[in-house]
Amino acid sequence: MTNYTFDEIHQQPAMWRKELQALLKNKAEVSAFMHKYLTPDTDVVLTGAGTSAFIGDALCPVMRGMWRNVRSVPTTDLVTHAKYLLDRERPLLLVSFARSGNSPESVAAVNLANKVCKNVAHVYITCNAQGKLALQAEGKDNILLLLLPEETDDKSLAMTSSFSTMLLTCLMLGHIDRLDKDVDMIEKTAKNAEAVIAEYEEKLKEIASRPFERGVFLGSGALKGIAEECHLKLQELTDGAVVCKFDSFLGFRHGPKAVVNSKSIVVYLMTDQEEVQRYERDLVKQVDANNTPVAQIIVIGGKAPELPDVKADLVVKMPYGYEENQFYGIVPFVVVGQLLGFYASKAHGLNPDAPSVSGNIHRVVEGVTIYE
């Protein structure tokens, strides 16, 4: 049995540092492209399929400080509804996230944007130099290709280092003109991930071996997008044996909370912002008082919340904080979901690199016909 998934989870901090150096080296070229095509009127659309789409969902709440008109639209929506989702008259910057760059929807979304909109520029953030997207960029002045370290072209079915490195790359792109000033924050981001692995991996492994059938991941703002990715990691790595859900803390109250029972684990991805965390604490206390889940995990980027009566099985605390680094600080939270998924996969007797016994899911999606 190979260990691609294990290695790809653990290599993430090194990949982040490697990509930082690559962007610093090409800062002038990247900055020139962004200044040319990103204006106050530009409609910025972040797109991808599956995990790659969740990158946009996590980015939007933090990117609006740099890119005014930014939104996340999956390629799977653009393929069917491009003429309704794209504004023909506004300049468009389409930011495509793609591990392989070979998914049918990835290429189709780009082609549709070129067809529907009058003025289009593209940023391709991809991990595969030989993928269709990357090859399509050659010789095109209106395409910026950000090719990530080749190690991030994850060989396993589940995207791990590809997700986090594409996410971090777009965050760095948003700060490209001041990226040299952000080096310390990005280093702390990498150290937070290393700390999660070093200090909490064994406990997460133990929790993942417990008998649960449902997983719930909650987050507010950008961390809701991270919760979305975590829920898919646990679900796909267990081949659907664990059915998962994600939501915001406040949104979870409105019906979805019904899924929590004695066969569930609940993972709370909590912010350091007091004005937000007060709502999160109220929800944690309510779930704890009304339910007996198999495990409750609190993940915090800084000071642990005061929840003296809550029966948390694990509090994951990152040593380098989150409150002053909320721009990059969202990235390490995903490591908790990745590790839970990996060890739950093994606990179910599956191969984490290829967990889909049924063949329902594949590393690159199959069976999609793109129609004219």
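Please treat every number below as a calculation from the coordinates, not as lab data. As the structure is a computational prediction, the values presented were derived from the model and not from experiment. Reconstructed Cβ throughout: ideal geometry from the backbone, glycine too, with neighbour counts over all protein chains shown.
Worth a mention:
- P(r) of the stretch 4-174 over all Cα-Cα pairs, binned every 10 Å from zero, in whole percent: 10, 42, 38, 9, 1
- Take the Cβ atoms of Lys191 and Asn114, set R0 to 56 Å, and the FRET efficiency comes out at 0.85.
- Distance (nanometres) between label positions extended 7 Å along Cα→Cβ at Ala304 and Thr292: 2.4
- Tilt relative to the chain, helix 334-347 - C-alpha long axis, 0 to 90 degrees, to 10: 60
- Debye, to nearest 20: dipole size of the stretch 4-174, +1 on Lys, Arg Cβ, -1 on Asp, Glu Cβ: 460
- For the chain, the longest principal axis of the Cα atoms and the long axis of helix 161-174 meet at an angle of about 60 degrees.
- Net length available on complete extension from Arg210 to Ala258 is 15.2 nm, with 0.36 nm assigned per residue and the Cα-Cα distance removed.
- Paramagnetic reach from Asn142 in the stretch 107-129 [backbone N under 11 Å; point 7 Å along Cα→Cβ]: 113-122
- The stretch 104-140 residues near the modelled Lys36 label - backbone nitrogen below 12 Å, point 7 Å along Cα→Cβ: 121-122, 139-140
- Between 0 and 90°, nearest 10: helix 104-116 axis offset from the chain longest Cα axis: 50
- As a proxy for reagent exposure, ranking Val45, Val116 by other Cβ atoms within 10 Å from fewest up yields Val116, Val45.
- Computing FRET efficiency as 1/(1 + (r/R0)^6) for Glu199 and Asp7, where r is the C-beta to C-beta distance and R0 is 25 Å, gives about 0.80.
- Separation between Cα centres of the stretch 116-188 and the stretch 100-115, rounded to whole Å: 16
- Charge tally for Val243 (other residues, Cβ to Cβ under 13 Å; Lys, Arg +1; Asp, Glu -1): 0.
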